[in-house]
1. When ligands, DNA and RNA are left out and all protein chains stay put, how many square angstrom of accessible area per residue does the stretch 11-155 have with a 1.4 Å probe?
2. Compute a Gaussian network model of the chain, connecting alpha carbons closer than 10 Å, and tell me which residue from PRO79, PRO245, PRO140 fluctuates the most.
3. Hey, what did the stretch 1-145 get for relative contact order, percent, Cα under 8 Å, at least 6 apart?
4. Using alpha carbon centroids, what distance separates the stretch 304-327 and the stretch 202-254, in Å?
5. So what is the calculated 222 nm ellipticity per residue for the chain, using -39500 (n - 2.57) for each DSSP H run with n of 4 or more, over all residues, to the nearest 500 deg cm²/dmol?
6. If each residue of separation counts as 0.36 nm, what is the full-extension length gain between MET101 and GLU114 once their alpha-carbon separation is subtracted?
7. Consider a paramagnetic label point 7 Å from the Cα of ASP44 along Cα→Cβ; state which residues of the stretch 175-215 have an amide N under 18 Å from it.
8. Determine the gain in length on full extension of the stretch ASP301-GLU275; use 0.36 nm per residue of separation and subtract their C-alpha separation, reporting nm with one decimal.
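The values are calculated or read from the model by the stated rules, or taken from the named source; none is laboratory data. What you are looking at is a predicted structure, and each value in this text was computed from that prediction instead of being measured. So basically every Cβ, Gly included, is an ideal-geometry build from the backbone, and we count neighbours across all protein chains shown. Surface areas here come from the heavy atoms of the whole protein model, side chains and all, with no ligands, DNA or RNA. Shrake-Rupley method; radii C 1.70, N 1.55, O 1.52, S 1.80 Å.
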Amino acid sequence: MEIGKLPNDVLEKIVFDNIKNKREEVLVRSAVGEDNAIMDFGKDVCVLSTDPITGTAKDIGYLAIHISCNDVASSGAEPIGVLMTIMAPPSTTEDDINDIMKEAGIAASELNVEIMGGHTEITDAVNRTVISTTVVGKLPKKELIDPKTTEIGNKVLMTKWTGIEGTSIIAKELKDSISGKISKELLDEAIGLGEKISVVKEGIICGNIGVKYMHDITEGGVLGAVWEAGKVVGKGIKIYEESIPIKASTKAISKILDINPYRLISSGSMLIVAEDEKIDIIEKRLGEEGIEVTVIGEIIDNGVYIEKGESLEEIEPPSSDELYTALSRK
């Protein structure tokens with residue numbers, strides 16, 4: 001099988017179809033395009049998400065905290081606590097574990113979440129460290145987002161730029177091999193994108209404003225996220241390639257490695273569906289926090305498309321992320 005997340009058709013056929021038992025307390029459960037599970041806790045809901053770090057060995061403690069908190073924020077919830085599992089190979093030293101926990105502690109402080117517990121193990125079942133985090137968040141039930149209320153004509157927005165996480169990881173992992181092919185300024189910009197990986201602020205802000213849907217743009221990039229969003233909202237989506245924001249460093253690295261930046265993992269960018277009348281307040285509130293947001297498309301009857309100049313192309317389901325293609329050329 002290809003490296004990366006299971007393809008969505010396989011996920012539905014052999015994972016979701018085998019989850020038979022349902023509980024009435026579970027309000028949102030496993031589905032393509034859903035970042036979280038949500039449980040009914042009376043006047044509040046408990047929002048949970050879990051994710052591993054497998055695509056890089058750099059800054060994994062920092063990334064592990066942020067990526068799961070991002071998922072919780074896509075429901076508009078505030079992340080509260082983290083459970084952290086570290087599986088490390090026998091070659092790991094105490095200093096390595098210390099570095100991971102220092103990084104995790106920095107991220108937790110940035111997001112005001114507590115590392116509540118977890119598990120740390122040295123095992124020959126892995127050949128490099130794998131970290132999986134589970135984040136618990138809280139949200140008033142009355143603020144729960146319902147993507148099925150999405151209507152034709154609603155706008156599709158994204159925060160920051162495409163390929164944020166992937167660009168940063170590639171720049172760090174392949175620094176020696178690409179440094180002679182890209183300017184120092186662009187290489188520094190690419191590495192620095194790792195500091196933009198959180199979408200917690202935009203998630204909470206847009207949750208308070210009241211939007212139709214949010215989705216953390218991760219594996220499969222913006223095109224994968226848009227395809228998944230179509231599945232969740234139950235309608236079509238059309239986006240415009242020329243409107244998708246992209247950093248010069250992402251463009252340069254994508255050209256050097258011959259990868260598609262719109263299929264590159266992009267933790268740090270949130271996909272948002274909102275009514276026209278809320279666009280101005282979204283732009284204002286996010287702008288006050290220094291967060292760029294761009295309208296990149298709209299909701300349509302059916303089908304998921306990207307407009308490229310005069311042509312309209314159907315967006316295919318996400319497959320193995322371009323990050324893995326890039327790192328295979330290490």
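1. About 53 Å² of surface per residue is accessible.
2. Of PRO79, PRO245, PRO140, the most mobile in the Gaussian network model is PRO140.
3. 31 percent
4. When both Cα centres are located, 12 Å separates them.
5. Helices in the chain give a 222 nm mean residue ellipticity of -9500 deg cm²/dmol.
6. That pair, MET101 and GLU114, stretches by 3.4 nm at full extension.
7. Taking a point 7 Å out along Cα→Cβ of ASP44, the residues of the stretch 175-215 whose backbone N falls under 18 Å are 204-205, 207-208.
8. Here the answer is 7.8 nm.
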